[in-house]
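Each remark here refers to the structure printed beneath this line.
The values are calculated or read from the model by the stated rules, or taken from the named source; none is laboratory data. Note that this is a predicted model, so its numbers are computed, not measured. No Cβ is skipped: glycine too gets one built from the backbone with ideal geometry, and neighbour counts run over all protein chains shown.
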Amino acid sequence: MVMTGLSNFKSTAKDKKFHSGLEETVAADLKARGVPVRHEDETIAYAVPQKASMWTPQFVLSNGLIVQTVGFFRPEHRKRLLIVKMQHPALDIRLIFQNSRRRINKQSKVSYGDWCGRYGVTYSDQSIPAAWLRETLPLETVAAVKALKPKRTPGRK
């Protein structure tokens, strides 16, 4: 269907913002047809279904520390880390950043290190500090690490 005369449509409602030209065109078309336009006036609640997932940490040290190295800290990795820490509070998961001063995205003022501070995640830059290797972790943490299931690999019994 070809629309004519709508390309110059300008939104008259100061409080209404359209996310795309198509939204704006559809609103103009409805208005031209005499249909009242209700744009993003209601919300619909929904829950994201739970999904069972597995995470394989990069390094589990002999003292029970779990260490993950991070170059680019993707949003989905930040989210996963928070979920794992929330569901397994006894585990001591720490991060080694290539550069903890890097911003979480181009528009943000928050660095990787700032994010860790906000969420209580211990981190270091470039390498594992010697002090981490000498740490004695609580028995609860050691027990939680021992309870982890080994990764299944094809052909392994």
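Quick notes on this one:
- Applying the condition of being touching a strand residue (DSSP E or B) at 6+ places or on another chain (Cβ under 6 Å) and not hydrophobic (A, V, I, L, M, F, W, C) to the stretch 45-84 and asking which residue is surrounded by the fewest Cβ atoms within 10 Å (Cβ to Cβ) yields Q58.
- Checking Y112 against (1) out of contact with any Lys or Arg (no Cβ under 7 Å at 6 or more places or on another chain); (2) more than 26 Å from A144 (Cα to Cα), the condition it does not meet: (1)
- Per the listing A131, A90, the residue uniquely outside any loop (DSSP other than H, G, I, E, B), modelled with pLDDT of 90 or more and surrounded by fewer than 17 Cβ atoms within 10 Å (Cβ to Cβ) is A131.
- Residues of the stretch 33-60 classified as among the aliphatic types (A, V, I, L, M) and either touching a Leu at 6+ places or on another chain (Cβ under 7 Å) or at pLDDT below 80 (or both), total: 5
- Residue within the stretch 12-24 that is surrounded by fewer than 10 Cβ atoms within 10 Å (Cβ to Cβ), in contact with a strand residue (DSSP E or B) (Cβ under 8 Å, 6 or more places away or on another chain) and either at pLDDT 90 or above or hydrophobic (A, V, I, L, M, F, W, C) (or both) present: no
- Residue selected from the stretch 104-121 under the condition touching a strand residue (DSSP E or B) at 6+ places or on another chain (Cβ under 8 Å) and surrounded by 14 or more Cβ atoms within 10 Å (Cβ to Cβ), by the criterion modelled with the lowest pLDDT: I104
- Verdict on R74 being charged (D, E, K, R) and under 30 Å from P129 (Cα atoms): yes
- Within the stretch 101-123, the residues that satisfy the criterion of being more than 21 Å from I83 (Cα to Cα) and more than 15 Å from the chain's Cα centre (by Cα) are R101, R102, K106, Q107, K109.
Here is a yes/no grid of residues against (1) assigned to a helix (DSSP H, G or I); (2) closer than 25 Å to V145 by Cα; (3) without any contact (Cβ under 8 Å) to a residue 40 or more places away in the chain:
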{"site": "G64", "(1), (2), (3)": "no, yes, no"}
{"site": "T69", "(1), (2), (3)": "no, yes, yes"}
{"site": "R80", "(1), (2), (3)": "yes, yes, yes"}
{"site": "M86", "(1), (2), (3)": "yes, yes, yes"}
{"site": "R94", "(1), (2), (3)": "no, yes, yes"}
{"site": "N99", "(1), (2), (3)": "no, no, yes"}
{"site": "S108", "(1), (2), (3)": "no, no, yes"}
{"site": "G117", "(1), (2), (3)": "yes, yes, yes"}
{"site": "V121", "(1), (2), (3)": "no, yes, no"}
